[in-house]
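Undergrad: This is the structure I have questions about; it appears just below.
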Amino acid sequence: MAGTGGQVATFSVWDYVVFAGTILAAAGIGLFQAIRGRKDTSSAEFLLGGRQMTAVPVAMSLTASFMSGITVIGTPTEAYRFGAAFWIFGFSYAIMSAVTAEIFVPLFYRLGITSAYEYLEMRFSQPIRIIGTSMYIIQTALYTGLVIYAPALALNQITGLDLWGVLVATGAVCILYCTVGGLKAVIWTDVMQMVIMLSGFVAVIARGAVLQGGLTKIWEDARQGGRLEAFDFDPDPLKRHTFWTIVVGGSVMWVSIYSINQSQVQRYISCKTLRHAKMSLYVNMVGLWVTVSLAVFSGLTMFSIYKNCDPLTNGDISTHDQMLPYLVMDILADYPGIPGLFVAAAYSGTLSTVSSSINALVAVTVEDFILPLFKNLTEKQVYWMNMGLSVFFGALCIGMAGIASLMESVLQAALSIFGMISGPLLGLYLLGMLFRTSNSTGGLVGLILGLVLTLWVGIGAQIFPPTFEKTNPLPVSIAGCNSTMGENYTTPAPWTSAVTVTSQIDVRPPLADSWYSLSYLYFALFGTLITMVSGLLVSMITGGCKQEEMNPDLFVKMSDLICFSCCSKSEASNVTEKAATDFHMKADDSTIKDFDPMCKDAEKATKL
C-alpha cells in the first residue's frame with residue numbers, strides 16, 4: 001500500500017514502450033527538421049533557425065531548457081523536505097523576465113550577434129571575450145554533466161535501467177537531432193518535451209489526489225506538516241531560503257542565467273522580430289509559473305502520501321533524489337505506461353537541456369574561436385564544422401557526467417554553478433552596458449576578482465556544508481512504516497551524507513559557519529556586485545574609456561524600455577534599420593555626443 005514503505009514495482013513492457021517511443025519521437029523531430037531545411041545549410045540557419053522563429057515555440061523552448069531532469073526530480077523533493085518556499089521563485093521569474101526582455105534583449109537584438117560574448121569584444125576587448133566564452137564553456141560542460149548524471153542515477157536505482165547505457169543513449173539522441181537539425185530541431189523538440197514533462201507532474205498529482213481523498217486533503221496535510229510556511233522574512237543572509245534570499249538573490253541568479261547565458265540568448269535572438277523576442281520571455285514567465293507550481297504541488301502530494309513513512313529514513317531509497325521516482329513506481333505501477341511517461345518526462349528534461357547546451361557550445365566555439373582565426377571559410381565548411389562540433393560536445397557532456405557523479409548536490413549544486421560563474425559575468429555585462437566610463441582594464445580586474453571570491457565561497461560551501469540551523473529541513477516520520485531500520489538512523493543534512501557531517505563536525509574552520517554558510521542564492525548577487533564595484537574603481541583609476549571608441553548601440557537606451565518604445569515608433573524603426581549595418585564600425589565622437597547627451601557626463605568622469 002502506498003505510503004507504508006517497502007519495495008515497489010518495476011517497469012512493465014508498456015513502460016519501456018512509452019519511454020522508448022518518446023526518445024524516438026525526439027530523434028524523429030530532429031530528422032524532420034533536417035529534411036525540411038536540407039536546402040539551407042547556412043550557419044545562421046543551423047545556429048539561429050534563420051532568425052525566423054516566433055514567440056510561442058521559443059518561449060516553450062526556454063521553459064523546457066529550464067525544466068531539466070534535475071528540476072523534474074529535484075524540485076518536488078525540495079518541497080517535500082523544506083516546504084513550499086520554492087514557490088516564491090515566481091517573483092524572481094517575473095523580475096528576471098522584465099529585466100531580460102527590456103534591457104538585454106533589445107541590445108543583443110539590434111547588434112545582430114550570434115554569440116552573446118561578441119558584446120564583450122565590442123565593448124571591452126578580445127581577451128575579455130575569450131575569457132567570458134571560456135567561462136561559459138566550463139560552466140555549461142559541468143552543468144550538463146550534472147543534468148545527464150543525476151536523473152540517470154536516481155532512475156537507474158528505482159527502475160533498473162542501466163546507468164551508463166542510458167547516459168550514452170541520452171547523449172547519442174541529443175547529438176543526432178542537434179547535428180542534423182540545428183536550433184530549429186532543438187526548439188521544436190523542446191516543445192514536445194515540455195508537454196510530456198508537465199503531463200508527468202499532472203499524473204502524479206491526479207493519482208495522489210485519488211489516493212488521499214482530494215486536493216484539499218493534500219493541502220491540509222501539507223499545512224499540518226509545516227510545508228506551507230513559505231514566507232520567512234528573516235534578513236539573515238546565511239539562511240538557505242528566506243523571502244529575501246529567493247526574491248533578491250534568486251532574481252539576480254535567474255537574470256544571470258537568462259540574460260547572458262548563450263543557451264537562452266541564442267533562442268530569443270532567433271526570433272524574427274524584437275517584439276517576438278520580448279514576448280517569448282513573457283510567455284516563458286507564465287510557463288515557469290506553471291512549471292514550478294506543478295513541481296511544488298507534486299512535492300506536497302509526496303509529503304501527504306509519505307507523511308508517516310519517509311522512504312529515505314525507512315531505508316527504501318538511498319538518496320533524496322530518488323524520492324519522486326520511488327513515488328511514481330509506488331502509486332502508478334498499476335497503470336501500465338504511466339511510470340514510463342514519468343521517466344520520459346525526466347529524460348525529456350535532460351534531453352532539452354543537453355541539446356540546448358550542445359547547440360550553444362557549438363555557436364560560441366565557432367563565433368568566438370574559429371571564425372576570428374579562419375576568416376575565409378565557406379558556408380559549407382562552417383556547416384560541416386558545426387555538425388562535427390555537435391558530436392564533439394555531445395561526447396564531452398557525456399564524459400562530464402563522470403565528474404558530476406562526485407557531487408552530492410543536485411538542484412542546489414546546479415544553481416550554485418550558475419551563481420559562481422554567471423554572477424561575475426553578469427556584473428561585467430552590466431558594467432559595460434550601464435557605465436560609459438568603464439574600460440577593459442577595469443572589466444578584466446573586476447571579472448577576475450568577482451570570480452575568485454565567488455569560487456572561494458562556493459567551493460567552501462561544498463566542502464563545509466551549512467548546518468541544520470541554516471538549512472532548516474522539516475521533520476519527517478516513520479511511525480506508519482511496515483518496517484524500519486531502527487531508532488538510531490539519522491536523516492542526512494541537506495545535500496550531504498550523514499558520514500560527511502559526522503567526520504566534519506569537529507574540524508570545521510571558523511569560516512564554515514559564517515562565510516561558507518552564505519546562502520547559495522546570494523552567490524550570483526555577490527559576484528555581480530564585486531565585479532561592478534571593483535571594475536568601476538579600477539576604470540576610474542586607469543583613466544576611464546576613450547570617447548572616440550564608444551558606439552552608442554553598446555549601451556542601454558531609454559527607447560529599449562516598453563514604456564518608451566510604445567511612444568516612439570519612429571525611433572524604434574530607426575533602430576531596426578540601424579541593426580542591419582555593421583556594428584563593428586567606430587562611431588564619430590561628435591555623433592555620439594549628438595545622439596546621447598549622457599556622453600558629456602561620461603567625459604567629465606573620464607577626466608576625473
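Every number here is computed from the coordinates shown, using simple stated rules; none is lab data. Computed from a prediction, not measured in an experiment: that's the story for all the values here. Methodologically, a virtual Cβ is constructed for each residue, glycine included, from the backbone with ideal geometry; neighbour enumeration extends over all protein chains shown.
Undergrad: Within the set of other residues whose C-beta is less than 13 Å from the C-beta of Trp244, count the net charge using Lys and Arg as +1 and Asp and Glu as -1.
TA: -1
Undergrad: Taking the Cβ of Pro311 as the centre, find all other residues whose Cβ is under 14 Å away and add up their charges (Lys, Arg: +1; Asp, Glu: -1).
TA: Computed value for this residue: -2.
Undergrad: Turning to a different aspect of this structure: Just in the range 306-382: which chymotrypsin sites (Phe, Trp or Tyr not before Pro) are loop by DSSP and have at most 16 other Cβ atoms within 10 Å?
TA: In loop regions of the range 306-382 (DSSP not H, G, I, E or B), the sparsely surrounded chymotrypsin sites (Phe, Trp or Tyr not before Pro) are Phe374.
Undergrad: What is the sum of charges around Tyr520, taking Lys and Arg as +1, Asp and Glu as -1, for the other residues whose C-beta is under 12 Å from the C-beta of Tyr520? Show your work: numbers first, answer last.
TA: On the way: positive: Lys239, Arg240, Lys470; negative: none.
Counting the neighbours of Tyr520, the net charge comes to +3.
Undergrad: OK, next. Kindly put Ser356, Ser438 in sequence by how many other C-beta atoms sit within 10 Å of each C-beta, fewest to most.
TA: Ser438, Ser356
Undergrad: Could you calculate, for the range 271-351, the ratio of the Cα radius of gyration to the Kirkwood radius, expressed as Rg to Rh?
TA: Rg divided by Rh gives 1.14.
Undergrad: With the cut-off at 1.5 for a/c, could you classify the range 350-396 from its C-alpha gyration tensor as rounded, prolate or oblate?
TA: Prolate shape, in that a/c is at least 1.5 and a/b is the bigger ratio.
Undergrad: Turning to a different aspect of this structure: Of Lys278/Lys380; Lys278/Lys375; Lys278/Lys557, which sit over 23 Å apart, Cα to Cα?
TA: From Lys278/Lys380; Lys278/Lys375; Lys278/Lys557, over 23 Å: Lys278/Lys380; Lys278/Lys375.
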